[in-house]
Amino acid sequence: MLERGKNMCTGVKITSKENNVYWGRTQEFNMDLDYSGCVVPRNYEVKDALSSFVTKYAVLGVGVKQIPYIIADGVNEKGLCGGTFYFANYFHYSEANEVEETGRLALAGAEFVTYALSMYSSVDEVRKNANKDVAIAFADRIAGIPQHFVFQDNTGDSIVVEPSKKGEFVIIDNPVGIFTNAPTFDWHLTNLQNYAGIKQVKDEGFDYNGFEVFSPGLGSGLRGLPGDFTPQSRFIRAFYLKALSSEVNNDKAVELIFHILNSFDAPKGIMYVSGETDLQYTQYTSAYDIEKAELFVHTYDNRTIQTLKLADFDLDKDEVVHYPLVEKQQYLDLKKESKETIF
């Protein structure tokens, strides 16, 4: 199998006080890709996938110019949202002819989220139909990298879909709304047991025969929360940052996702893949209002949040539309944008 790059990503789902569902992710990679806001319409034939298919639902998400039919993460018109994440060592793909002999579509790893978002209306439909309809096959193309997938919908339902058995997906409910990379998702859930003592409140001091050992102060209850960038550590950190954060209303939900994901923002130079010029870094961070089918995204070079709404597009237009993400950093002139106050 051709491996053109390795990536690490972190995803988080939150629910607002009004019970609306939001999801976001970071995208780390060591290949410089041209990302864009992308809309794939209904009834569109995706001819360039490993197996062609015709979309049933329109999808809005983050696309890639190099493979214009691919959605790395997105949301469809019915309120299903998902993303494709790297899945080293634990994936088990099949040969395309083996999949086709079973009457199913053979897809490359990074093609599955595009297929699922354009063919299924809910998490439950993915759960019931994915193994009947498709399987992941080896493919000598950039989309053929090892991948696993996470989906959530506007009801709050969430699953993880992993090609960890040859010829089929292992589909697991996601009760925590967190997703990273390998090992398999069930391992990450079990590993949470090792961090059950994490808490918001500070550790108490201790008196030993009149000698007072002071508490180190606020934040000490979070001691042991891992700070590195391995999938195992990022899963734990994301879980507790989400679990311990204050609940928010709809108008603050996307902000909370970006605040949580800030903890996983990897600057260039801190991780080499194979040498000093082969760097893994956070190329973009995206968030979705699932109910409104709206994308929010910022890039490594431009922290200004850029948006697209599925409702603003003709969903029956027979073409995939790309809006390249603006990479030049935008700045607000405070003197122009703010009101002067004199004391």
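None of the figures in this text is laboratory data; all of them are computed from the coordinates on show. Note that the structure is predicted; figures quoted are calculated from it, not measured. Cβ sites come from the backbone with ideal geometry, for glycine too, and all protein chains shown count toward neighbours.
Across the cross-link table entries K132/K292; K128/K166; K268/K328; K268/K335; K202/K242; K78/K128, which are compared at the Cα atoms, the separations over 21 Å belong to K132/K292; K268/K335.
Compute log10 of I(q)/I(0) for region 20-84 with the Debye formula, placing one identical point scatterer on every Cα and leaving out solvent, at q = 0.15 Å⁻¹, to two decimals. Normalising to I(0) and taking log10 leaves -0.50.
With Rg and the Kirkwood Rh both taken from Cα atoms, where does Rg over Rh land for region 97-176?
0.96
Taking only the Cα atoms of the chain, the ratio Rg/Rh comes out at 1.01, with Rh defined as the Kirkwood radius.
Reported to the nearest whole Å, the Cα centre-to-centre distance from region 242-306 to region 88-130 is 27. Helix 123-133 sits at what angle to the longest principal axis of the chain, using alpha carbons and giving 0 to 90 degrees rounded to 10? That helix lies at roughly 40 degrees to the long axis.
Short-range pairs are left out: with C-alpha atoms under 8 Å and at least six residues apart, the relative contact order of the chain is 24 percent.
When the gyration tensor of region 182-281 is built from Cα positions, what are the square roots of 5 times its three eigenvalues, in whole Å, from largest to smallest? Walk me through the numbers before you get to the answer.
Working: eigenvalues 182, 80, 50 Å².
Ellipsoid semi-axes (Å, largest first): 30, 20, 16.
Taking Cα centre as origin and charging only the Cβ of basic (Lys, Arg, +1) and acidic (Asp, Glu, -1) residues, the dipole magnitude of region 231-305 rounds to 220 debye.
Our summary gives region 71-113 a relative contact order of 42 percent, counting only alpha carbon pairs under 8 angstrom and 6 or more residues apart. Beta bridges assigned by DSSP with both partners in the chain are antiparallel in approximately 95 percent of cases. Pair-distance distribution P(r) for region 106-232, from all Cα-Cα distances in 5 Å bins starting at 0: 2, 9, 15, 16, 14, 11, 8, 7, 5, 4, 3, 3, 2, 1, 0 percent. In the chain, the DSSP-assigned H stretches of four residues or longer account for a calculated mean residue ellipticity at 222 nm of -5000 deg cm²/dmol, using -39500 (n - 2.57) per stretch and the full residue count as denominator. Each residue, Q66 and S220, gets one label point 7 Å from its Cα in the Cβ direction; the gap between the two is 4.9 nm.
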